[in-house]
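Colleague: The structure under discussion is supplied below as structure tokens; questions concerning it will follow.
The values are calculated or read from the model by the stated rules, or taken from the named source; none is laboratory data. All values reported here derive from a predicted model rather than from experimental measurement. Cβ placement follows ideal geometry from the backbone for every residue including glycine, while neighbour counts extend to all protein chains displayed.
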Amino acid sequence: MQAPRTLADAHQRFWARHLPLITQPQPLWIRLVLTFVGAFGGLAILQAVFGHASYFLLRGYPQIIASYGASAVLCFGIPESPLAQPRAVLGGHFVSGLTGIIVALIFNIHLPVDHHDAAPRLSWLAASLASAVAIVAMQLTKTTHPPAGATALLPIVDSTINRLRWNFLSAILLSSTLLVAVAMLTNNVVRRYPLFWWSPATTPTALPKKEEAIGDVLPVTNVPVETAAR
């Protein structure tokens, strides 16, 4: 037996062996229940990890990164969307978080602990630039994930994230991984997730040439293709 050639092939074969084949659309209430369970469970796990693990508490990590609330809408509400696939979730948040950190460092943004104090003078420019650059970067890397646009803003507008600096990236990677893992567990009960890991399956965009089509149908003979085509 030929081994799976890609991670996506392995994923499809695993679920085909361990879950019943779903041939009929499931009732709306079942999908709504699983959407609720997935979103609740995914966000609860993130808050349990970052809100109770001493490693994160001692280093001042936030209980949850707010933009993952929007990611839950995609991952559990419309998991068939290309914007909800693992590459978009993990890559989009990482690219945007990295962009936000770099822009915050370039503009030397240091947010005050007291929210009543005035924000740095150029924070508006830095925040706008970070989000705009992140959108372009996601398009270039094919990791577009709309909630990640907010992730790029956080190192500039959120004092807790601003103090984390490079540690923010570890929080992003862990949060994205956990959310995708929960999405795989809940969505595959009645749906298929992910639809792809790296890129969607390609489909033919043009019909085969006449000679190629005839060659695929006719048995192998010594008759030239031109003669058979007549």
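Colleague: Considering segment 75-100 alone, what residues qualify as being farther than 13 Å from Leu174 by Cβ, in contact (Cβ under 8 Å) with a residue 12 or more places away in the chain and surrounded by fewer than 22 Cβ atoms within 10 Å (Cβ to Cβ)?
Modeller: Gly77, Glu80, Pro82, Leu83, Arg87, Gly91, Leu98
Colleague: Which of the numbered conditions does Asn167 fail, given that it passes all the others? Conditions: (1) modelled with pLDDT of 95 or more; (2) buried (at least 17 other Cβ atoms within 10 Å of the Cβ); (3) not acidic (Asp, Glu).
Modeller: Condition not satisfied by Asn167: (2).
Colleague: So, one more: If a residue must be at pLDDT below 95, surrounded by fewer than 17 Cβ atoms within 10 Å (Cβ to Cβ) and not basic (Lys, Arg), how many such residues does segment 121-142 contain?
Modeller: Residues of segment 121-142 that are at pLDDT below 95, as a first pass: 121-124.
Add one more test, that the residue is surrounded by fewer than 17 Cβ atoms within 10 Å (Cβ to Cβ), and what stays is 121-122, 124.
Going one step further and asking which of them are not basic (Lys, Arg), we end up with 122, 124.
Within segment 121-142, residues that are at pLDDT below 95, surrounded by fewer than 17 Cβ atoms within 10 Å (Cβ to Cβ) and not basic (Lys, Arg) number 2.
Colleague: Can you list the helices (runs of 4 or more DSSP H) lying wholly within segment 22-122 that have 3 or more residues being over 28 Å from Leu185 (Cα atoms)?
Modeller: The helices (runs of 4 or more DSSP H) meeting that bar are 86-106.
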